[in-house]
Amino acid sequence: MAAVALGVYIGRPLLTGEYYDVTEPLAGAATRMTTHPVWYHGIVIVLPSLVVSLLGTLILNRWGLTGAVPALKFLGGILLVPSAAVFLAYLVTAVVIGVVWGTAGAAENPVYAVFGVFVFTGLSLALGFLFMMIALVIVVTGVVLGASVGYLVARGLIRVGEYLFDDTVRAGSS
């Protein structure tokens, strides 16, 4: 799920030629997230988390892991991985911007380049934090929505399957 989102929000603009430099799609990913329509986020964030949650819940049930603890661990993992990917993308972006922009004058004076790397990395971390929080709100909202719907649909399918194919369930409900 995280790979799909990173590929769409960062990789696609770079591969389609919208940007010619790696720092531009990295730096602009969070700001561009706010410009996309809701259906776009639905396809990129909600749909993959829904599918993973649905299939994962069905597989957990088949393996006999039917309690609340396995479900919460699984759903927590669905939320944790994309959230961690956003945070790691934020850190990598800040370092890449710091190195690229900081070493721009390395030929003239290497001491300024080292200083520039630290300054631009620090500025990128400070300014990027706001954009990371915006991205996290979008990602967490979409993943929670998708994972919740996927889980509920899977539980419904499991319950319908138990009702249709398990005589003890039907006999007990009559």
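The values are calculated or read from the model by the stated rules, or taken from the named source; none is laboratory data. What you are looking at is a predicted structure, and each value in this text was computed from that prediction instead of being measured. For neighbour counting, all protein chains shown are included, and Cβ atoms are generated from backbone atoms with ideal geometry for every residue, glycine included. For the accessible areas, the whole protein counts, side chains as well, though only heavy atoms, and no ligand, DNA or RNA atoms are used. Shrake-Rupley method; radii C 1.70, N 1.55, O 1.52, S 1.80 Å.
To the nearest 10 square angstrom, what accessible area does Val100 show with a 1.4 Å probe?
Accessible area, nearest 10 Å²: 70 Å².
Which FRET efficiency value, to the nearest 0.05, is calculated for Ala126 and Leu152 with the Förster distance at 41 angstrom and r the Cβ-Cβ distance?
So, using R0 = 41 Å, E works out to roughly 0.55.
Keeping every protein chain present and rolling a 1.4 Å probe, give me the accessible area per residue for the stretch 1-159 in Å².
Computed with neighbouring chains in place, this is 57 Å² per residue.
Over all alpha-carbon pairs of the chain, lay out the pair-distance distribution in 10 Å bins, whole %, shortest bin first.
Using 10 Å bins, I get a P(r) of 10, 29, 25, 17, 11, 6, 2, 1, 0 for the chain.
Carbon and sulfur atoms: what percent of the 1.4 Å accessible area of the chain do they account for?
77
Give the residues of the stretch 67-90 whose amide nitrogen is closer than 12 Å to a point set 7 Å from the Cα of Asp166 in the direction of its Cβ.
67
Please report the accessible area of Ser83 (heavy atoms, 1.4 Å probe, ligands and nucleic acids excluded) in Å², nearest 10.
About 30 Å², ignoring ligands and nucleic acids.
Among Leu88, Ser53, Gly98, which residue has its Cα furthest toward the positive end of the charge dipole of the chain, with +1 on Lys/Arg Cβ and -1 on Asp/Glu Cβ?
Ser53
For the chain, which span is the longest to avoid every loop-located (per DSSP) member of chymotrypsin sites (Phe, Trp or Tyr not before Pro) having at most 14 other Cβ atoms inside 10 Å?
That gives 64-174 as the longest site-free run.
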